[in-house]
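Working notes for the structure below.
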Amino acid sequence: MSSRARRSHRGFTIVEMMVAIIVLGVGLAGVLLAFGVVTRGSADPVIAQQMLAIAEELLEEIQLKPYAALPNAAPAPCARNTFNDVGDYNGYAPPAGTICFIDGTPIPSLAGYSVRVQVQTAALAGVAAAKRIVVTVTRGNDKLVLTGWRTDFAS
């Protein structure tokens with residue numbers, strides 16, 4: 001065999017192998033770093049969706065109540081089962097970190113979430129009787145505000 005034929009079958013040198021290992025190592029480190037960032041942030045959409053579900057449920061509950069004020073009994077701190085009109089929800093704010101069923105029983109899986117409701121009579125584009133409903137849900141530093149309206153369409 002000639003010396004030229006032997007050179008073409010030599011393979012990689014140790015320097016070439018070291019460079020290849022370093023390049024692959026840096027690339028792999030970058031990919032793992034990206035996976036770490038994605039994994040850390042993956043719970044955030046779940047929290048946002050849960051906050052939205054809480055706010056939508058409470059807003060819908062309020063909007064389905066009658067507009068006119070009706071007499072009722074005073075509820076327990078977290079309960080809403082005696083609320084019988086939209087205005088009853090004004091100032092509703094269970095103890096911090098607590099979301100409750102309508103009867104006032106805390107929901108353990110929602111510990112850490114808080115909710116606050118404000119209901120105010122407000123003008124709405126020529127509608128004589130309207131109430132603005134603001135539901136605020138918080139968890140840690142995250143906050144979601146959902147606003148809805150209830151009108152006295154029956155009158």
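Candidates are the residues of segment 122-155 that are assigned to a loop (DSSP other than H, G, I, E, B) and aliphatic (A, V, I, L, M); the one that is farthest from residue 68 (Cα to Cα) is 125. Within segment 1-44, being modelled with pLDDT of 75 or more, small (Gly, Ala, Ser) and in a helix (DSSP H, G or I) holds for 20, 25, 27, 29, 30, 34, 36.
Per the conditions (1) surrounded by 10 or more Cβ atoms within 10 Å (Cβ to Cβ); (2) modelled with pLDDT under 90; (3) within 18 Å of residue 118 (Cα to Cα), the sole criterion not satisfied by residue 47 is (3). With the requirement that a residue be part of a loop (DSSP other than H, G, I, E, B), out of contact with any Ser or Thr (no Cβ under 9 Å at 6 or more places or on another chain) and within 18 Å of residue 53 (Cα to Cα), what does segment 84-103 give you? Hits for segment 84-103 are 92, 101, 102. Of all residues in segment 104-118, those satisfying the criterion of being β-branched (Val, Ile, Thr) and part of a strand (DSSP E or B) are 115, 117.
The values are calculated or read from the model by the stated rules, or taken from the named source; none is laboratory data. All figures in this text were calculated on a predicted structure; none of them were measured in a lab. A quick note on method: Cβ atoms are made from the backbone with ideal geometry, for glycine too, and the neighbour counts reach across all protein chains shown.
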